[in-house]
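First the structure, in the form of structure tokens, and then the observations on it.
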């Protein structure tokens, strides 16, 4: 791995300032962008992209099984009142998926690509992949790897809605707003002139009318499309009343919410256990079960099914006593147990995790690395160049 | 206090007078004037109520006003291509209960639905012709009939109409009449997510 690392140039300050990307280069994130670039072979690139396409198909098939199974819906912790929207979403907006990101182990130096999880609903790394990586590669005068993310997002928006307006809503966090801004950019690139932004608490959800934003002077504007920079599981568990309103608005076709509600089923890590059960020994999947006893491997990790950013993950090299553990907010979440994956590491013990963005196909690759056993919020983003 | 919308009775009266003069229908004009005077009186009362509700507190207001239709509407939706529906016309009628939605289909058939019948299809996920007709109508002014409200923010989308002329007709005629005869209520900003999370959600 080490022989494919080369020194990464710093992003020009002018570029960072111009686009307001200080979030990724200063404060707690001052060392977020790796000091190296990673070389990737075309064969590895192809393997990752192919893995993304296959994984999407496998997980969607699993989601269809979940919605038909009261037992699985119960295991996912999804209350009965929310099944209506999920069913409707599968039946009516199955083709309206915008974007998600698969995280994989392996994929370098001849190691097999293995699916770790799918950030199906509100994935991060959009800014890094669409803007930072190309700029870094430009500075380094290196050829990039597959990266059609922005163009693909543009294409998806055009395909999903004929109404050329979208409201980007968030909970006020800088990273989410930056992520949403990429969707806004894609929308403008699609020719949508009406791209609004509003904090969630300021948005009016009128089930008999529309998703509205006050414009002043007694006027309000209706939006046909809504991109939410917070996940469906947040709405489901934290704001159930909003779930009800959105159910009415979506099913009466007054608004399209992106990603569609069914992405919730793929966001839940329980989907990995379902996919494994449907496809035992599939080369892309890791053995995953609802209990450690259900695994064949004695080396595994436990993950909260609604967890994020590597929180509350425990890594076991032998049963019962964890070798490594992370803390977080998801300790009360149901867990799944996943066979320990093999990561490619360098001499400094950095573990490399390849990610694939999926829109209606695998459209971009991004890589992060971390010198810990568990990849979490401390991971670095490492830009990739193409090896001959 | 933010965005409390109040009636502009004089302006609306003038609009209706001009509209009626242009159509040269004296009887309609007289009945409209009488109808409007009743609305004007009611509007003054509502204005007072709204103003008294919000006076004296300009901070943290999360409400805005919207209107309730007091007139009905006959919307005609045409199937312009197979499975492609557009609004052809929208004509106001005096009573909400006289509202109808009429579907005209490529096979030559015509289907008329009452407001109640249309509401049955409003939230259904079926893809029947009737449901599609109602949903298309809902993109225009028929929306107000189904919701029972005007909605300060709902603007019919031009893309929902058979052509730009049909859209302009709505904006100039049926739309303005429906709005001028509407009463008002309040609507609230969501407030969702406030204080519920301490960090971003990127995964």
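The requirement of being within 14 Å of residue B:130 (Cβ to Cβ) and either in contact with a helix residue (DSSP H, G or I) (Cβ under 7 Å, 6 or more places away or on another chain) or not assigned by TED's automatic domain parsing to the domain that holds residue B:168 (or both) is satisfied by residue B:77. Within the range A:1-28, restricting attention to residues that are surrounded by 15 or more Cβ atoms within 10 Å (Cβ to Cβ) and without any contact (Cβ under 8 Å) to a residue 60 or more places away in the chain, the residue that is farthest from residue A:266 (Cα to Cα) is A:16. Within the set A:172, A:191, A:184, the sole residue that is at positive phi and under 22 Å from the mean Cα position of the chain (by Cα) turns out to be A:172. Taking the range A:58-173 and the helices (runs of 4 or more DSSP H) fully enclosed by it, the elements with 3 or more residues that are more than 14 Å from every other protein chain (Cβ to nearest Cβ) and buried (at least 21 other Cβ atoms within 10 Å of the Cβ) are at A:133-140, A:149-160. Suppose the filter is closer than 21 Å to residue A:250 by Cβ and more than 8 Å from chain B (Cβ to nearest Cβ); does residue A:211 pass it? Yes, satisfied. Summed over the range A:217-238, residues that are within 21 Å of the chain's Cα centre (by Cα), farther than 20 Å from residue A:175 by Cα and not in a helix (DSSP H, G or I) total 1. For the range A:185-208, the candidate set comprises residues that are part of a helix (DSSP H, G or I) and crowded, with 19+ Cβ neighbours inside 10 Å; within that set, the residue that is nearest to the other protein chains (Cβ to nearest Cβ) is A:200. Among the residues of the range A:239-260, is any surrounded by 17 or more Cβ atoms within 10 Å (Cβ to Cβ), more than 30 Å from residue B:139 (Cα to Cα) and touching a strand residue (DSSP E or B) at 6+ places or on another chain (Cβ under 7 Å)? So far as the range A:239-260 goes, no, none of its residues is surrounded by 17 or more Cβ atoms within 10 Å (Cβ to Cβ), more than 30 Å from residue B:139 (Cα to Cα) and touching a strand residue (DSSP E or B) at 6+ places or on another chain (Cβ under 7 Å). Scanning the range A:279-286 finds no residues that are touching a helix residue (DSSP H, G or I) at 6+ places or on another chain (Cβ under 8 Å), within 14 Å of chain B (Cβ to nearest Cβ) and either more than 23 Å from residue A:372 (Cα to Cα) or assigned to a loop (DSSP other than H, G, I, E, B) (or both).
Which residues, counting only those in the range B:138-173, are modelled with pLDDT under 65 and at the interface with chain A (Cβ under 8 Å from one of its Cβ atoms)?
Hits for the range B:138-173 are B:149, B:151, B:152, B:153, B:154, B:155.
When the criteria are applied in full, residue A:296 fails the requirement of being assigned to a loop (DSSP other than H, G, I, E, B), farther than 24 Å from residue A:112 by Cα and modelled with pLDDT under 95.
Residue check: residue A:254 meets all listed conditions (1) modelled with pLDDT under 95; (2) not assigned by TED's automatic domain parsing to the domain that holds residue A:166 but one, namely (2).
The values are calculated or read from the model by the stated rules, or taken from the named source; none is laboratory data. The structure displayed is predicted, hence computed values, not measured ones. Because the Cβ atoms are built from the backbone with ideal geometry, glycine has one as well, and the counts that use them run over all protein chains shown.
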